[in-house]
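Chemist: Encoded as structure tokens, here's the structure I'll be asking about.
The values are calculated or read from the model by the stated rules, or taken from the named source; none is laboratory data. Computed from a predicted model, the values in this text were never measured in an experiment. Note: ideal-geometry Cβ built from the backbone for every residue, glycine included; neighbour counts use all protein chains shown. What goes into the accessible areas is simple: the full protein's heavy atoms, side chains included, and nothing from ligands, DNA or RNA. Shrake-Rupley method; radii C 1.70, N 1.55, O 1.52, S 1.80 Å.
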Amino acid sequence: MPKQEEGKFDYNLIHYLVTIVETSSMVSAAEVLGVAPSVVSYAVKKLRDHYGDPLFVRSLNGVKPTSLALNLYQKFTLINNDIIEAINLKQLQSTATRKIFIQTESLTELWITEKLWEHGIVPEECVVEFCSLPATNEQRSNKLRSREVDLDIGLTIQGDSNILGTTLYSFEYVIICRQQHKTVGDSITLEQFTQEKYLGFSLRHSDTQLKNDFSRVISSRVLAPEIRSESAVNLLLATLSRDLLLIIPKQYSSFIRSFLPFREVKCDFFQQSSLYFNAHMHKQNGDDELLNKIVSILREPTITNENIF
């Protein structure tokens, strides 16, 4: 039997239990909730006192919920969702002023911006604010779970049942350079590439497989990247001003060449990648019409008028 009198239950504890179950860690729950770990521990103590049950037991990877905690989670999740929906009701009723938060890397920001303007999503249906992509998948998931962002665009987030992922495109690579490049023609061999200067585009959330895709190419090079950066603007402008090569995702090649004087250089030495770029959202946003509309637009092929210069 509950030890607290009916009506004395602290309803803030609902959010704590839901977050601990979803993160499987009191420390991670504290990060998501933006409180100190001691606050989470105190909330768990109050829940244990109320229900007369340990609710969570320690494991190698954090904590595991007891059967009672899992039953409570099923009920509390519905309550928690209703609370969040009520809080956001005013914002959802006025999609013209709704702000969508998207976390991704800078080159994809540029691509998404053009896509949403092209389809009239911005500014007719919403405004968009981009956030930098965290370094780890756990941090990316936490941002979605805590509702700090609505969409995460990047390599696949695995192992989180609370995150829905939709494939946007397969990860392939192409080389671009400025149209006036003096030493590189329409195509390039691996031998020539090893001697040419190039810039490196960094993905904070790149994984071992992404690095392996380039291992044979990079290991054969004599010269290291002149500059390595996460800033697409920096790399694109630098490549326009000098005889440099830039490796980018194939998905963005025609789009970039439609408004900047670049050309694509044919090559056959990149390995076929099995990586994909996905759009991620929290499962509680799975029925959100605007978010799903944005994802559908991003899945459409990029059609542009290339080389307008």
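Chemist: Once the whole set of protein chains is in place, how much accessible area is left on Phe130, using a 1.4 Å probe, in Å² to the nearest 10?
Modeler: Counting only protein heavy atoms, the figure is 60 Å².
Chemist: Follow-up. Please compute the net charge surrounding Trp111, taking Lys and Arg as +1 and Asp and Glu as -1 over other residues with Cβ under 11 Å from its Cβ. Each step should come with its number before you reach the end.
Modeler: On the way: positive: Lys115; negative: Glu105, Glu109, Glu114, Glu118.
Counting the neighbours of Trp111, the net charge comes to -3.
Chemist: Skipping prolines and chain starts, which residues have an amide H placed within reach, meaning under 5 Å, of the one on Val128, given they are 5 or more residues away or on another chain?
Modeler: Close amide H contacts, sequence-distant or interchain: Ile100.
Chemist: Oh, and also: Counting Lys +1, Arg +1, Asp -1, Glu -1, what net charge surrounds Phe101 among other residues with beta carbon under 14 Å of its beta carbon? Don't skip to the end; give the middle numbers.
Modeler: Working: positive: Arg98, Lys99, Arg140, Lys143, Arg145, Arg147; negative: Glu109, Glu129, Glu148, Asp150, Asp152, Asp288.
Computed value for this residue: 0.
Chemist: What is the percent carbon and sulfur in the accessible area of the stretch 5-143, measuring with a 1.4 Å probe over the protein chains and ignoring ligands?
Modeler: On the way: 4240 of 7690 Å².
On the stretch 5-143, the fraction of accessible area on carbon and sulfur atoms equals 55 percent.
Chemist: Give me the net charge for the shell around Pro123: Cβ to Cβ below 12 angstrom, other residues only, Lys and Arg +1, Asp and Glu -1. Can you show the working numbers first?
Modeler: Working: positive: Arg98, Lys99; negative: Glu124, Glu125.
That sum, taken over residues with Cβ under 12 Å, equals 0.
Chemist: Follow-up. Once you've got the Cα coordinates, tell me which of Lys46/Lys143; Lys75/Lys115; Lys64/Lys99; Lys197/Lys250 are over 31 Å apart.
Modeler: Working: Lys46/Lys143 26 Å; Lys75/Lys115 39 Å; Lys64/Lys99 36 Å; Lys197/Lys250 20 Å.
Those over the limit are Lys75/Lys115; Lys64/Lys99.
Chemist: Turning to a different aspect of this structure: Could you report the stretch 34-150's accessible area per residue, 1.4 Å probe, as an integer in Å²?
Modeler: Details: 6490 Å² over 117 residues.
Per residue, the stretch 34-150 has 56 Å² of solvent-accessible surface.
Chemist: Per residue, how much accessible area does the stretch 235-301 show when a 1.4 Å probe rolls over the protein heavy atoms, in square angstrom? It would help to have the intermediate numbers written out before the result.
Modeler: Numbers: 2870 Å² over 67 residues.
With all protein chains present, the stretch 235-301 gives 43 Å² per residue.
Chemist: If you don't mind, another one. Taking θ = phi - 60°, what integer Hz values does the Karplus form 6.51 cos²θ - 1.76 cosθ + 1.60 yield along the stretch 257-274, in sequence order, with x for Gly and Pro?
Modeler: Values, residue by residue: 6, 6, 10, 10, x, 10, 9, 8, 9, 6, 8, 10, 10, 7, 6, 5, 8, 10 Hz.
Chemist: So how strong a dipole does the stretch 13-142 carry about its Cα centre when Lys and Arg Cβ are +1 and Asp and Glu Cβ are -1, to the nearest 20 debye? Display every interim value, and only then the final one.
Modeler: On the way: 11 positive and 14 negative charges, 143 e Å.
Taking the Cα centre of the stretch 13-142 as origin, the dipole is about 680 debye.
Chemist: Further question: Could you pull the accessible area for Asp150 with a 1.4 Å probe, rounded to 10 Å²?
Modeler: 30 Å²
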